[in-house]
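Each value in this text was obtained by applying a stated rule to the coordinates, not by laboratory testing. Predicted model, so just to flag it, every value in this text is computed and none were measured. Cβ atoms come from the backbone with ideal geometry, glycine included; neighbour counts cover every protein chain shown.
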Amino acid sequence: MTRLKYTTKHLDFLKTGYLTMKVYDLTKAFNKHFRLKKTATAIGSALKKHKIRCGREHRDRLIDWRRLNTPGQELFIAKNYPGKSILEMTKLFNLRFKTARTQGQIKSFVKNHGIVSGRTGCFEKGHESWNKGTKGLVAANKTSFKKGRVPANIKPIGHERICHKYGFILIKINEKNPYTVAKTRYKHKHVYIWEQENGPVPNSMVVAFKDSDKTNCEPDNLMLISRAELLRLNRFGYKNMPAELKPSVLGMVKLMVKTHKKERKLTEGVRNGKR
């Protein structure tokens, strides 16, 4: 679209019209007179660029066409808002004027016009709480739990379930939960069984399955390996290998890890000047 170059006739029309019209009406008159399709934003920019003023004080300017409330409605809000909440004021306003104003619109109006309700949101001195004299939030009733009552859905010690994220079997044991401080906790069944036979698992070791079946927690199917060995087994795709090859791969991985440790120790000795 070609940018309009305002002529003397254009500017004279704007200067004369702006004295009695707002920008929206001035735009319509300007387009009709000169057979153009200018927007109100474009006309507003032209007025500002050419320093054309309407000659009215801000308080005396014509009411904007987008004004939401009438003077009577604004006076109603100013008189009735003190002591009320936004919700109460909105309901009262809509009931009085048969409108559908939202709480956001009423809230914006009172904020923009500096109208306050006088409410602080604090309890007044001498106010009594509605639940005074009760223990907790509310008093006990016929549906409240009685002391010593055991919930119907509580699981007994030894209850098992499948971990949906990793597929391991979890078993409920009589051991303090270090995370929730509960008296019982769920633990990986294969780790629990191995520890019953051999004691706690060292920090650098993990309990793994010889046949890669996470649900086979028989003691003879469990093995204690280092994290370095587990890393290499995963890299070789140990769990997807044929059963007859797994013992050989496991032995090879153990030898690789052991060799790597010795080579690393020799290298560190040479760096430190030791033979």
statement: Computed over all unlike Cα pairs, the Kirkwood hydrodynamic radius of region 71-112 in Å stands at 10.1 Å
statement: Filtered pair list for region 8-57 (Lys only, Cα < 12 Å, 8 or more apart or interchain) has a length of 4
message: What are the ³J(HN,Hα) couplings of region 165-180, residue after residue, when phi is run through the Karplus curve with 6.51, -1.76, 1.60 and θ = phi - 60°? Round to Hz, x for glycine and proline.
response: 7, 10, x, 6, 8, 10, 10, 7, 10, 8, 9, 5, 7, x, 9, 10
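How big is the Cα convex hull of region 8-57 in projection, averaged over all directions, in nm²?
Average of the hull's projected areas for region 8-57 equals 3.2 nm².
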task: Within 10 Å, count the other beta carbons around each residue, average over each peptide in 256-262, 73-79, and list them highest first.
output: 73-79, 256-262
field: Förster radius 25 Å - calculated FRET efficiency between I157 and V201, Cβ distance, rounded to 0.05
entry: 0.75
- line: Computed over region 93-190, the Cα gyration tensor eigenvalues, each multiplied by 5 and square-rooted, give semi-axes in Å (largest first) of 53, 25, 15
Proximal aspartates and glutamates relative to K246, as straight alpha-carbon distance under 18 Å, when same-chain residues fewer than 8 apart are discounted: D211, D213, E218, D220, E229
field: Spherically averaged projected area of region 161-275 from its Cα convex hull (nm²)
entry: 10.1 nm²
statement: Env charge @ K32, Cβ radius under 14 Å, K,R +1 / D,E -1, value +3
message: Run the Debye formula on the Cα coordinates of the chain, all scatterers equal and no solvent, and tell me log10 I(q)/I(0) at q = 0.09 1/Å.
response: -0.74
